[in-house]
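Take a look at the structure set out below.
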Amino acid sequence: MAYIPAPGYQPTYNPTLPYKQPIPGGLSPGMSVYIQGVANEHMKRFFVNFTVGQGPDEDIAFHFNPRFDGWDKVVFNTKQGGRWGSEERKRSMPFRKGAAFELVFMVLAEHYKVMVNGSPFYEYGHRLPLQMVTHLHVDGDLELQSINFIGGQQPPSQRPMITPAYPGPGQNFQAQKSRDLVTMEGPPIFNPPVPFTGRLQGGLIARRTIIVKGYVLPSAKSFVINFKAGASGDLALHINPRLNEGSVVRNSYLNGSWGAEERKISNNPFGPGQFFDLSIRCGMDRFKVYVNGQHLFDFCHRLKSFQNVDTLEIKGDINLSYVQI
């Protein structure tokens, strides 16, 4: 089953190295680039380059280069006309060998803001106009799990707020029926606190997609995602990964009573110390839930008037890095 990304959200899962691909729509203020990966056990260095073109001698607007070399540090620089500029360095290493990480580049008008594992790390002022940047290049001693381009100016084929489903690996694109179209409404929320409560403006309409990116705490026991009809208190969908059980429980709470639990899944992507990328799509007759680009489960609507759902609740043993509703 193909993963259905939402408009303004272009994820790539488990890309091979070196990764060198166009940035959808080019770079623009308000855009963010999320990189999730694992540092090699014997890591010496890796880099992330925001490049002008993709040739062997292209300019590099922003070079981000962690180095484990006895005096661990991260180097920042710009390459223009074949020459490197003056280095900026931070003698602090936010990455650990053998450990998973989440690296976020927030593109702002004055600088790139770098976040590592949810914490601000560095701000690098623009030396080349960010509008010149066309490609992202990643390589080195790491394993990539996902690269996500979020926000900014989308390519013309992706600018509408309703877009057809994307084909999965090895599938040819075919015309999709209207039920396969997806939408998102509100602006993204970065690093919101937990517990989190968000309003679904206009209610939960069919073809709406909710994106939740986060990190399961190493000591986690469980967390909860609820789609709530505020006036009645009904829960149209209750998602409850239970780390101590190794299960992902789904249920609904209607008219003061819990329904029958659903637990069956082919694999459990939630583990202590793991990042996750969760996409929840509301269809006419069911929710479709994807994690890290893979279909996890469907949940048929039990609350027939699911349009009354107006609140997203997230609580439990996780950190949130990004929510879009």
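With θ set to phi - 60°, apply the Karplus curve 6.51 cos²θ - 1.76 cosθ + 1.60 along the range 263-279 and write out the HN-Hα couplings as whole Hz, x wherever there is a Gly or Pro.
10, 5, 8, 7, 8, 10, x, 9, x, x, x, 10, 8, 9, 10, 10, 10
For Lys304, list the aspartates and glutamates whose Cα falls under 17 Å from its own Cα; do not include residues on the same chain fewer than 8 positions away.
Straight-line reach from Lys304, under 17 Å: Asp234, Asp285.
What percentage of all Cα-Cα pairs in the range 179-324 are separated by more than 27 Å?
Percentage above 27 Å: 14.
If we count other beta carbons within 10 Å of each Cβ, what is the order of Asp285, Asp234, fewest first?
So the ranking, lowest neighbour count to highest, is Asp285, Asp234.
In nm, to one decimal, how far is the modelled label at Glu262 from the one at Ser232, with both set 7 Å along Cα→Cβ?
Placing both labels 7 Å beyond Cα along the Cβ direction yields 1.8 nm.
Kirkwood Rh, Cα Rg: Rg to Rh for the range 9-150?
0.92
Counting Lys +1, Arg +1, Asp -1, Glu -1, what net charge surrounds Ala236 among other residues with beta carbon under 13 Å of its beta carbon?
Net charge in that neighbourhood comes out at +2.
If amide H atoms are built 1.01 Å from N in the plane of the peptide, which residues on other chains or at least 5 residues away come under 5 Å of the amide H of Val309?
Answer set, sorted by chain and number: Leu204.
What list of whole percents do you get for P(r) of the range 75-130, with Cα-Cα distances grouped in 5 Å bins up to the one holding the largest distance?
That works out to 4, 16, 23, 24, 17, 10, 5, 0, in percent per bin.
At a 10 Å Cβ-Cβ cut-off, how would you order Tyr124, Tyr19, fewest neighbours first?
Tyr19, Tyr124
With +1 on the Cβ of every Lys and Arg and -1 on the Cβ of every Asp and Glu, and nothing else charged, how large is the dipole of the chain about its Cα centre, in debye rounded to the nearest 20?
Once rounded to the nearest 20, the dipole reads 380 debye.
Enumerate the calculated ³J(HN,Hα) couplings along the range 229-243 in order (Karplus 6.51 cos²θ - 1.76 cosθ + 1.60, θ = phi - 60°), each rounded to whole Hz, writing x wherever the residue is Gly or Pro.
8, x, 5, 9, x, 5, 10, 5, 8, 10, 10, 9, x, 10, 5
Work the Kirkwood hydrodynamic radius out for the chain: mean of 1/r over every pair of different alpha-carbon atoms, inverted, in Å.
20.9
Which pairs in the list Lys113/Lys228; Lys20/Lys90; Lys90/Lys315; Lys97/Lys221; Lys73/Lys221; Lys44/Lys90 are over 28 Å apart, alpha-carbon to alpha-carbon?
Lys113/Lys228; Lys90/Lys315; Lys73/Lys221
No value in this document is a laboratory result; all are computed from the given coordinates. Every value quoted in this text rests on a predicted model; they were computed, and no experiment measured them. Neighbour counts run over all protein chains shown; Cβ positions are idealised from the backbone, glycine included.
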